[in-house]
Amino acid sequence: MSSVSLLILCDGRFPAGGHAHSGGAEAAIAAGRVRDTASLEEFCRGRLTTTGLVAAALAAAAATGYDPLQLDDAADARTPSPALRQVARKLGRQLMRAVRAVWPSPELDQLAAARPAGAHHPIVFGLAARTAGLSPRDTAQAAVYDSVSAPVTAAIRLLGLDPFQATAVTARLTGAMEDIAAEAARHAARLPMEGVDALPAASAPLLDITAEQHATWPVRLFAS
């Protein structure tokens, strides 16, 4: 069951609203930092080792059953950009609607009641994975895949990249994704001894800056 649940959670057709977000790729493309598959791969590698690692560790932590409200506060502290905090909570709210329909649980109901404006996406993601029977390591793998698939899909739409070549970018990143997922799971495993300080706080200042700029654009294809 858990293997199929993992596929459902990672499926781009899962109705969680992720298709409307580029993971920072739209701003990077407009600035000329992402131009082709090579620069897209570099962008995704950088995202993986910073925001991707943080999101995966938070999701894995939620999958362990650690207090989601403490984790949500920890996610806030690790998201310095107001625009990205707003995006994370909006995505979390949209994901919550989907997972409560697919995998109903009291834990999800309690988090939704405690955070009516939306909890951070990785916290909802991890709690959804836990409800679906996934392990923290499986959850981290799903989270790192999510951090790559959004910019890759956005780049296809924005740059008109060959979908085959863009998908090859994702395939070349599988080793890096496995490494980041393993690291994220190790951080989550230290929570009982160290609390939320065990979780990484890797930063990506350029993503934060461009997210604030992107939020002011009068015309844009993606919400983030």
Gaussian network model of the chain, Cα within-10 Å springs - most flexible of Ala171, Ala188, Ala143: Ala171
Ranked list, fewest to most other Cβ atoms within 10 Å of each Cβ, for Phe43, Phe14, Phe222, Phe125: Phe14, Phe222, Phe43, Phe125
Segment Arg35-Ala182, length gained on full extension (0.36 nm per residue, minus Cα span): 49.9 nm
Helix-only mean residue ellipticity at 222 nm for the chain, each DSSP H run of n ≥ 4 adding -39500 (n - 2.57), per residue, nearest 500: -21000 deg cm²/dmol
Rg in Å to one decimal, and Dmax rounded to a whole Å, for the stretch 77-138 via C-alpha atoms: 11.6, 33
Choice from Pro104, Pro151, Pro136 showing the highest fluctuation, given a GNM over the chain with Cα pairs closer than 10 Å: Pro104
Whole-number D in µm² s⁻¹ for the stretch 45-89, Kirkwood Cα-pair radius fed into Stokes-Einstein, 37 °C, 0.692 mPa s: 299
Angle between the chain longest axis and helix 37-47 axis [Cα atoms, degrees, rounded to 10]: 30
Difference of contour (0.36 nm per residue) and Cα-Cα distance, Ala113 to Glu42: 21.6 nm
Cα-based equivalent ellipsoid, the stretch 20-136: semi-axes from gyration tensor eigenvalues, Å: 28, 14, 13
Span per principal axis, largest first, for the Cα atoms of the stretch 145-224 (Å): 47, 33, 16
10 Å binning of all Cα-Cα separations within the stretch 99-204, expressed as whole percents from 0 upward: 13, 34, 35, 16, 2
Charge dipole (debye, nearest 20) of the chain; +1 at Cβ of Lys and Arg, -1 at Cβ of Asp and Glu: 460
Whole-number D in µm² s⁻¹ for the chain, Kirkwood Cα-pair radius fed into Stokes-Einstein, 25 °C, 0.890 mPa s: 143
Distance from the stretch 185-224 to the stretch 113-170 (C-alpha centre basis), Å: 13
Residue-by-residue Karplus 3J(HN,Hα) for the stretch 113-127, coefficients 6.51, -1.76, 1.60, Hz, glycine and proline x: 6, 6, 10, x, 7, x, 7, 4, 3, x, 5, 5, 4, x, 5
Under 14 Å, Cβ to Cβ, from Leu40 - net charge with Lys/Arg +1 and Asp/Glu -1: +1
Residue among Leu40, Leu158, Leu71 with the largest mean-square fluctuation in a Gaussian network model of the chain, springs linking Cα atoms under 10 Å: Leu158
³J(HN,Hα) computed for each position of the stretch 193-198 - Karplus, 6.51 cos²θ - 1.76 cosθ + 1.60, integer Hz, glycine/proline x: 8, 10, x, 5, 5, 6
Cβ-Cβ FRET estimate between Glu212 and Ala77, R0 fixed at 22 Å, reported to 0.05: 0.80
Estimated vicinal HN-Hα couplings, Hz - the stretch 93-107 in sequence order (Karplus 6.51, -1.76, 1.60; Gly, Pro = x): 5, 5, 5, 4, 4, 5, 6, 5, 7, 8, 10, x, 7, x, 4
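Read-outs throughout are calculated quantities, based only on the coordinates presented, and are distinct from any laboratory measurement. These numbers come from a predicted model, not from an experiment. Because the Cβ atoms are built from the backbone with ideal geometry, glycine has one as well, and the counts that use them run over all protein chains shown.
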